[in-house]
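*Asks:* Questions regarding the structure given below will be posed in turn.
The values are calculated or read from the model by the stated rules, or taken from the named source; none is laboratory data. Note that the structure is a prediction, hence the values are computed from the model and not measured. Here the Cβ positions follow ideal geometry from the backbone for every residue, glycine too, while neighbour counts run over all protein chains shown. What goes into the accessible areas is simple: the full protein's heavy atoms, side chains included, and nothing from ligands, DNA or RNA. Shrake-Rupley method; radii C 1.70, N 1.55, O 1.52, S 1.80 Å.
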Amino acid sequence: MQQEPTAQRQQRSDFRIWQQNLRKSSNAWEHLLKNLNPDKFDMACIQEPFLNPVNLANASSLRRYWDVIYPTGHHTNQNRMQVIMLINKKISKNRWHAIPIQSTNIMAIELVGDFGKVRFYNIYNPCDHDGTLH
């Protein structure tokens with residue numbers, strides 16, 4: 001895989017998002033980690049993430065390039081979270097913040113820049129009901 005020169009990466013004006021439902025699969029998680037290039041992607045919206053026994057997304061290389069964002073109440077809610085977001089560490093934490101949403105299936109961040117403000121929502125909607133949207 002050929003890497004883009006540093007000068008070209010810094011001049012990017014686009015914002016690239018990787019979106020995937022991992023279906024709680026460790027194999028899908030490993031595939032994601034191998035292919036989610038921090039020089040090409042700015043954020044990942046993951047539904048049904050693979051979580052370890054203490055409900056955390058982890059891998060040795062993950063935190064080197066990505067900030068892992070969990071839904072509001074992740075550490076206090078007994079229910080399994082169905083969404084996480086990964087934010088590229090190249091994006092200053094002064095330019096984004098998590099938006100509090102009391103749901104295990106919905107989360108959002110707000111990104112601020114020269115363009116103004118934009119909100120990104122990550123929503124998991126189960127196939128057997130539409131309760132997430134109500």
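*Asks:* Six or more apart or on different chains, Cβ under 7 Å: which pairs go from a residue in segment 103-118 that's among the small types (G, A, S) to one that's open to solvent by 50 Å² or more (accessible area, probe 1.4 Å)? Could you list them?
*Replies:* Here the result reads A108/R119; A108/Y121; G113/R95, each pair linking segment 103-118 to a residue that is open to solvent by 50 Å² or more (accessible area, probe 1.4 Å).
*Asks:* For residues in segment 59-72 being over 13 Å from the mean Cα position of the chain (by Cα) and assigned to a loop (DSSP other than H, G, I, E, B), which is nearest to N105 (Cα to Cα)? Write out each step before concluding.
*Replies:* From segment 59-72, those over 13 Å from the mean Cα position of the chain (by Cα) are 59-61, 64, 72; that's our starting set.
If we keep only those that are assigned to a loop (DSSP other than H, G, I, E, B) as well, we get 59-61, 72.
Working: A59: 23, S60: 26, S61: 26, T72: 10 Å.
Residue satisfying both the conditions and the ranking: T72.
*Asks:* Looking only at segment 55-68, decide whether some residue is without any contact (Cβ under 8 Å) to a residue 24 or more places away in the chain and over 24 Å from N27 (Cβ atoms).
*Replies:* Checked segment 55-68: no residue is without any contact (Cβ under 8 Å) to a residue 24 or more places away in the chain and over 24 Å from N27 (Cβ atoms).
*Asks:* Then there's this: Which members of segment 73-94 meet the condition of being over 19 Å from K40 (Cβ atoms), in a loop (DSSP other than H, G, I, E, B) and touching a residue at least 24 places away in the same chain (Cβ under 8 Å)?
*Replies:* Scanning segment 73-94 gives G73, N77, N79, R80, M81, Q82.
*Asks:* Scan segment 102-118 for residues that are farther than 16 Å from N88 by Cα, of a type in the set (G, A, S) and within 17 Å of the chain's Cα centre (by Cα) and jot them down.
*Replies:* S103
*Asks:* Here's something else I'd like to know. Could you list, in sequence order, the residues of segment 79-97 that are touching a Ser or Thr at 6+ places or on another chain (Cβ under 8 Å) and open to solvent by 20 Å² or more (accessible area, probe 1.4 Å)?
*Replies:* Those that are touching a Ser or Thr at 6+ places or on another chain (Cβ under 8 Å) and open to solvent by 20 Å² or more (accessible area, probe 1.4 Å): N79, R80, Q82.
*Asks:* Give me the residue from segment 40-54 that is more than 12 Å from the chain's Cα centre (by Cα) and surrounded by 15 or more Cβ atoms within 10 Å (Cβ to Cβ) and, out of that set, nearest to N125 (Cα to Cα).
*Replies:* F50
*Asks:* Suppose we filter segment 98-132 for residues that are under 19 Å from Q19 (Cα atoms), open to solvent by 80 Å² or more (accessible area, probe 1.4 Å) and not in a loop (DSSP other than H, G, I, E, B); how many remain?
*Replies:* 2
*Asks:* Can you pull out every residue in segment 95-116 that is within 18 Å of C45 (Cβ to Cβ) and of a type in the set (D, E, K, R)?
*Replies:* Passing the criteria: R95, E110.
*Asks:* When you scan segment 13-29, how many residues do you find that are open to solvent by 70 Å² or more (accessible area, probe 1.4 Å), in contact (Cβ under 8 Å) with a residue 12 or more places away in the chain and not aromatic (F, W, Y)? Break it down stepwise before answering.
*Replies:* Of the residues in segment 13-29, the ones open to solvent by 70 Å² or more (accessible area, probe 1.4 Å) are 13-17, 19, 23-24, 27.
Then keep just the ones that are in contact (Cβ under 8 Å) with a residue 12 or more places away in the chain; that gives 15-17, 19, 23-24.
If we keep only those that are not aromatic (F, W, Y) too, we end up with 16-17, 19, 23-24.
Residues in segment 13-29 being open to solvent by 70 Å² or more (accessible area, probe 1.4 Å), in contact (Cβ under 8 Å) with a residue 12 or more places away in the chain and not aromatic (F, W, Y): 5 in total.
*Asks:* Another question about this same structure. Does segment 55-62 include one or more residues that are touching a helix residue (DSSP H, G or I) at 6+ places or on another chain (Cβ under 7 Å), farther than 30 Å from D114 by Cα, surrounded by fewer than 16 Cβ atoms within 10 Å (Cβ to Cβ) and not aliphatic (A, V, I, L, M)?
*Replies:* So far as segment 55-62 goes, yes, one or more of its residues are touching a helix residue (DSSP H, G or I) at 6+ places or on another chain (Cβ under 7 Å), farther than 30 Å from D114 by Cα, surrounded by fewer than 16 Cβ atoms within 10 Å (Cβ to Cβ) and not aliphatic (A, V, I, L, M).
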